[in-house]
Amino acid sequence: NAKTTSIAANEARIQELAAYIDDLSSGRIELTSEREELEAEIKELEKAIEEETAMREKENADYLAAKDEMDKAIAALESAVATLETAQSNGTALNSMSTELKKIAKLGSAFLAKKDVDGLMKALQPSDVPDADWEKLNREATFKQKYQSRSGNILDILKDMTATFIDNRDAAIEAEEKAVENFDALMGSKNEQLDAAKQALLDKSKEKGARAEALSTSKAEKEDREGQNDRDTVFLADTKSACETKAEEWAERVRLRTAEIASIGEAISEIGRASCRERV
């Protein structure tokens with residue numbers, strides 16, 4: 001009875017182990033959180049790369065726009081300087097450049113010296129240019145003298161502004177090149193991490209290690225129980241056969257003993273009868 005109960009319990013456990021081994025082999029169950037952790041890491045890395053790329057694109061767009069403005073401003077300033085240098089000799093009107101120079105002054109107000117910006121804006125005010133007075137103009141060209149004196153001051157300001165714009169543009173170019181270098185290094189590192197995480201997800205070494213260990217343990221237990229059941233089944237069969245043989249032998253001994261007892265009883269009875277005859 002004990003062996004029969006043991007065999008039944010082992011058989012149930014063997015079926016459980018077979019199903020567990022099949023689930024492990026097919027990947028229907030996982031023993032570690034490695035996959036979830038790697039998927040979360042990959043998602044975070046992809047998000048970081050996307051955000052950094054968007055930020056870099058915006059920074060580059062801002063840089064290109066600022067550089068374009070500075071290039072235009074430098075070109076306009078260089079043109080204004082050349083024009084003013086010519087105007088000092090031929091009296092070309094400053095007002096023709098007023099709108100462009102005001103725009104440049106406004107653009108450079110963030111990094112130009114305030115006194116230069118204020119000086120330029122003041123020089124560009126229409127009030128600085130006298131209203132046309134034909135009588136005075138027909139006399140002596142005092143307006144031209146005032147203009148030439150004023151232009152000399154503006155010329156120095158414009159040259160300083162040109163140098164400042166060029167310095168700022170060069171600094172912006174250098175900063176952009178450095179930003180590109182840093183971004184490339186960052187993206188290289190992030191992409192290496194991403195590739196490593198993706199490869200790790202494919203490999204799942206921790207999960208495979210745990211699965212291999214679980215498979216080995218489960219298969220060993222299943223084989224042990226199957227072997228135990230095989231041995232117990234043979235033992236049970238042998239025991240039943242031995243029991244049947246002993247039962248048959250016992251039955252035969254009982255039959256023989258019963259016959260012997262009957263024979264002895266008969267013999268005793270016969271002796272008793274013979275003794276009675278003798279006495280008679």
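The values are calculated or read from the model by the stated rules, or taken from the named source; none is laboratory data. These figures come from a predicted structure and were not determined experimentally. Neighbour counts are summed over all protein chains in view; Cβ atoms, including those assigned to glycine, are modelled from backbone coordinates with ideal geometry. In case anyone asks, the SASA skips ligands and DNA or RNA and just uses the protein heavy atoms, side chains included. Shrake-Rupley method; radii C 1.70, N 1.55, O 1.52, S 1.80 Å.
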Mind telling me which of the residues Ser275, Ser269, Ser241 ends up being open to solvent by less than 50 Å² (accessible area, probe 1.4 Å) and hydroxyl-bearing (Ser, Thr, Tyr)? Ser275
Based on what the data block shows, is Glu51 without any contact (Cβ under 8 Å) to a residue 12 or more places away in the chain and open to solvent by 50 Å² or more (accessible area, probe 1.4 Å)? yes
From the list Ala197, Ala214, Ala242, Ala210, pick out the single residue that is in contact with an Asp or Glu (Cβ under 6 Å, 6 or more places away or on another chain) and either more than 16 Å from Lys3 (Cβ to Cβ) or not charged (D, E, K, R) (or both). Ala197
Being surrounded by 10 or more Cβ atoms within 10 Å (Cβ to Cβ), in a helix (DSSP H, G or I) and more than 59 Å from the chain's Cα centre (by Cα) is the requirement here; does Glu248 meet it? yes
Residue list for segment 31-48, restricted to those being within 14 Å of Asp203 (Cα to Cα) and open to solvent by 70 Å² or more (accessible area, probe 1.4 Å): Arg35, Glu36, Glu37, Glu39
Within segment 210-238, residues touching a residue at least 40 places away in the same chain (Cβ under 8 Å), farther than 30 Å from Ile29 by Cβ and open to solvent by less than 60 Å² (accessible area, probe 1.4 Å) come out as Asp232, Leu236
